[in-house]
Structures are given as C-alpha cells and as structure tokens.
Amino acid sequence: MPVTFRASLLAAILGAALPAAAADDVVIGVMYPLTGSAASTGLELKNAAQLAADLINGTDKSLALPLVGGGGLPGLKGAKLRLIFVDHQGSPQVGATEAERLITQEKVAAIQGAYFSSVTQTASQTAERYGVPFLNADSSSVGLTQRGFKWFFRTTPHDELFVQNAFDFLRDLEKKKGIKVHRVAILAENTEFGTGAARLQEKYAKENGYEVVAKILYPPKGTQLTSEVQKLKAARPDVVFQSSYLADAILSMRTYKDLGFLPTALLANDAGFNDSEFLKTMGKDGNDVISREVWALDLAAQKPVIGKANDIYKARHGVNFNGNSARAFTGIFALADAINRAGSTKPEAIRAALKATNMGADQLIMPWGGIQFDENGQNKKGAGIIVQVQDGKYVTVWPMGPGAKDVVWPLPAWEGR
C-alpha cells in the first residue's frame, strides 16, 4: 500500500473517530468607561452586555428573546460570544487607541460602545478606517449618524428625537393639565454630547415660542459648578434642560440645594440622571427630576419580557436595569442577530447583515417598534419616553395615558423633601 494512501486512510479513520471540533468563539470588543467619574455607569453597561452574551451562550430558554438558550449562535455551528471589555476612561484618544488594539491585536469581529458620544466619535472613526462594524447602543449625539460612515450602526434614538419628545411633553402639559412654561434655560457639558443637545434644545425652544433665558456650557468632571448655578438662578427659568454625565449630575444637584436654586422643573437629557448611582447618592434630593428615557421598569405591565429580563439582571447584580444598561443589553442582541444571520465573522458579511436587520418589537426589551437601520445606520424604529423619579424610582410620565403616572409639578421645595 503506497505511503500516501496509508496516510490518507489513517486520517480518514481518525477523522471519523474524533468528535467535530467546536466552532471558534465570536469575539466582540466592548468599550465603556470602567474607571473615572463614570465608572459605575460603565460597570452597569458591562454587566448588561455580559448578561446578554451569557443568555445567548447558555441553554436556559426561559426568557422569550431570540437566540436565548441556544447554546451559542446556530448560524455559526454553536459558536459562543466572547466579549473583550476595554476601559476607554472617558477619553476620546484612549477610545481611538483601544479600538485599534481590539481590531489589530484581538481580531474582533465587531465593536460595541462607547457610551460617551465623544469617545464613540473617535473610536468609530478607527473602526471605519479598518472596515470593522461598530455598533453604538447608547450615545445620542445626532451627528454620529450624519458622517456618511459605512460601518457605523446605532440602535438607540438620538438627541433630535429626544428633544422633540421634550417639547411634545411640555405641549401636552399645557393642553391636558393647564401647565404653562414660558422661560427655559440650558445647562450642558461641553463635549460632543452636551453641545449637540444644547444646540437642539435652543433651536426647538425658539421654534416653539419659549424664551431661552440662559445657555450655559461647562467643562465636565470639574470640582465645582457654583458660577454656572448662580447664572441659572439669576436667569429665573421655569424649566432647566440639563445634559450631564453622572459626576456632574450629582455635583449640580448638590450645588442647586446649597445655593437655594429650584426651577419649576428640571428636564434632564438622560445620562447621569438615569444612573443607579444617582439615585443611591442623592436619596430624596433626587426625587422629582424629570428625564427623557428609552426604557422604564413600569412598562413591564404592557410588555412582560421587560420584567422577566429585569428579574434576571437584578438577581445577578442587585440593581434594576435602567435605560443605559437596557440599551447595552439590546445592542449585544442586535449584533448577535446580525452575526448569526451572516453565518460568518467576516466584516463585510456582518455589515451586510446589519444593513438587513429587521428585528420586531417582540424581540426586544425596549419599548420600540423594533430595530431597522436607515441609510445612515440609524435605527428608525426607536422611540423615547419621559420618566420622573418618584419615591426613589423611575416611572413613566409621558406619553400620557394608560399606565403613565401623574407628573409631580412643580418641584417640591428642598426643605420639604
């Protein structure tokens, strides 16, 4: 028997005797602020993303979401999701550098991140240059999907929708409750997130006939906001629109109380005001803040999968989902859905699958119509709600109607809380 034939026969026998090799992991890079002033936010985002991967990789089918309990991705022969988490420290430069490392060294199939709009901006530029899909689940700066990028996809709604929602809410207050607002002020951190939101708030305020009595931008992560709050107090606004990450949200609230400033209402642009740490730190002083949102636990009454997913997250981490963590969780599911349909970890195949995404409302824990990306990579089925902190919990106050709580208006005096 020729040597080559014996070798081929032996290989065939051994191949038949050995079990099929397990599919390689699907590696996804996930970028969040895991140290610094937003570390607690980053940890919640990380925990939510990992929970999504664990549910897809596991065999427990009790949560009625696609791919849950399948033991991996069936489109890739059961390949498991493996998330590599990196800390961008809230720095756009670190974000760009870490994105490059994930692509060139870790060989990730895709990247999810990065919460801070300013970091998402630079990190996604790196992904665009290398031709790697970048899914953004939680940054709301409207400009991110106006850059003509091929590889950038965003599941969350952006600030233009959220600002429109805020003014729809004010109109409904007047129409349904007789509450009139005349004077508004804007306070925002001066990076990509805050400046973009402030620009839209000023535009829509003027278009809707409100007087903008102050527009104040401040550098984030400072140690005091005394002069900014003094300017707000002197301007005497009815409503303050505020865009701040966690540390600044807490600092501003403490400064409001110290200086005796209390507008009729504070209408926050999510971010730090919708973080579990905000509620823990502020206690009763955090009550009655109003904020735009994308998710609230009380929506479980209309959509039970929200409550079931929250139970799993809370059992593991001791806190409820919030809008930030729910978006991170949903982002991983959107990526997994696309990669599974692609049946490949090749970037172009994943990009094509993302473009073809059409997830229904029943496939998400979000109160959205689903996920379907437009030509700019923006999910066109997203939606916003407005919540208020009442008795230490976020409750839905808009859209007004069945299931929504009555809004507390005006803000109760500091000393009466």
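All of the numbers you see were taken from the coordinates with simple rules; none came from a lab. Quantities reported herein were computed from a predicted structural model and do not represent experimental measurements. Glycine gets a Cβ as well: all are built from the backbone with ideal geometry, and neighbour counts include every protein chain shown.
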Checklist outcome for this item: For 207-217, 63-73, ranked highest to lowest by mean beta-carbon neighbours within 10 Å, the order is 63-73, 207-217
Checklist entry - Relative contact order for the chain using alpha-carbon pairs under 8 Å, separation at least 6, rounded to a whole percent? => result 17
Checklist entry - If Lys and Arg each add +1 and Asp and Glu each add -1, what is the summed charge of the other residues whose beta carbon sits under 11 Å from the beta carbon of G369? => result +1
Next on the checklist: Using the Cα centre of the chain as origin and beta-carbon charges of +1 (Lys, Arg) and -1 (Asp, Glu), tell me which of M253, N136, N47 is placed farthest towards the positive end of the dipole.
Outcome noted: N136
Checklist outcome for this item: So the compactness index of segment 148-212, its C-alpha Rg divided by 2.2 N^0.38 Å, takes the value 1.32
Item to check | Unit charges on C-beta of K, R, D, E only; dipole of the chain, Debye | outcome: 420
Next on the checklist: On the Cα set of the chain, report Rg and Dmax in Å, please.
Outcome noted: 23.3, 98
Checklist entry - Based on the mean of other beta carbon atoms within 10 Å per residue, what is the order of 194-200, 127-133, 342-348, most packed first? => result 194-200, 127-133, 342-348
Checklist entry - If we restrict to alpha carbons, what Rg and Dmax does segment 329-417 come to, in Å? => result 18.9, 60
Checklist outcome for this item: By the mean-Cβ-within-10 Å protection proxy, highest first, 405-413, 146-154 rank as 146-154, 405-413
Checklist entry - For segment 295-417, what is the charge dipole size about the Cα centre, in debye to the nearest 20, if Lys and Arg each add +1 at the Cβ and Asp and Glu each add -1 at the Cβ? => result 320
Checklist entry - Say the dipole of the chain comes from +1 at the beta carbon of Lys and Arg and -1 at that of Asp and Glu; which of G209, A114, G369 then lies farthest toward its positive end? => result G369
Checklist outcome for this item: Checked segment 152-263 with the C-alpha gyration tensor, a ≥ b ≥ c its square-rooted eigenvalues, rounded below a/c of 1.5, otherwise prolate if a/b is larger than b/c and oblate if not; verdict oblate
Checklist entry - How big is segment 83-137 by Rg and Dmax over its Cα atoms, in Å? => result 9.5, 24
Checklist entry - segment 258-334: D in µm²/s via Stokes-Einstein (Kirkwood Rh, Cα pairs, 4 °C, 1.567 mPa s)? => result 93
